Amino acid sequence: MGEDLDVLAAQALAGRPTGAREIAEAVTCPAGDAASFGQGPVPPADGGRTAV
């Protein structure tokens with residue numbers, strides 16, 4: 001995806017860039033039936049960057 005993106009992604013806990021499919025799954029999971037008991041904010045889909 002490019003050297004700059006690889007350097008940025010290496011700083012996150014995931015250590016790699018992601019694709020649209022992984023982001024879509026992270027966004028739609030809290031809206032699904034399996035997450036019906038969950039309440040509160042949606043966790044960030046940033047590869048762990050905000051946790052650092």
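Values for this structure:
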{"quantity": "Residue list for the stretch 6-38, restricted to those being within 17 Å of residue 49 (Cβ to Cβ), under 15 Å from the mean Cα position of the chain (by Cα) and among the hydrophobic types (A, V, I, L, M, F, W, C)", "calculated": "8, 9, 10, 12, 13, 14, 23, 26, 27"}
{"quantity": "Cβ pairs under 6 Å, 6+ apart, first in the stretch 40-52 and more than 13 Å from residue 29 (Cβ to Cβ), second at pLDDT 70 or above and surrounded by 12 or more Cβ atoms within 10 Å (Cβ to Cβ)", "calculated": "47/12; 47/14; 48/12; 48/14; 49/12"}
{"quantity": "Residue count, the chain (criterion: in contact with a Leu (Cβ under 7 Å, 6 or more places away or on another chain) and part of a loop (DSSP other than H, G, I, E, B))", "calculated": "4"}
{"quantity": "Odd one out for residue 9 among (1) at positive phi; (2) surrounded by 12 or more Cβ atoms within 10 Å (Cβ to Cβ)", "calculated": "(1)"}
{"quantity": "Check on residue 21, modelled with pLDDT of 75 or more and exposed (fewer than 11 other Cβ atoms within 10 Å of the Cβ)", "calculated": "yes"}
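The values are calculated or read from the model by the stated rules, or taken from the named source; none is laboratory data. This one's a predicted model, so the numbers in the text were calculated from it and none came from an experiment. Ideal geometry is used to build each Cβ from the backbone, glycine not excepted, and the neighbour counts take in all protein chains shown.
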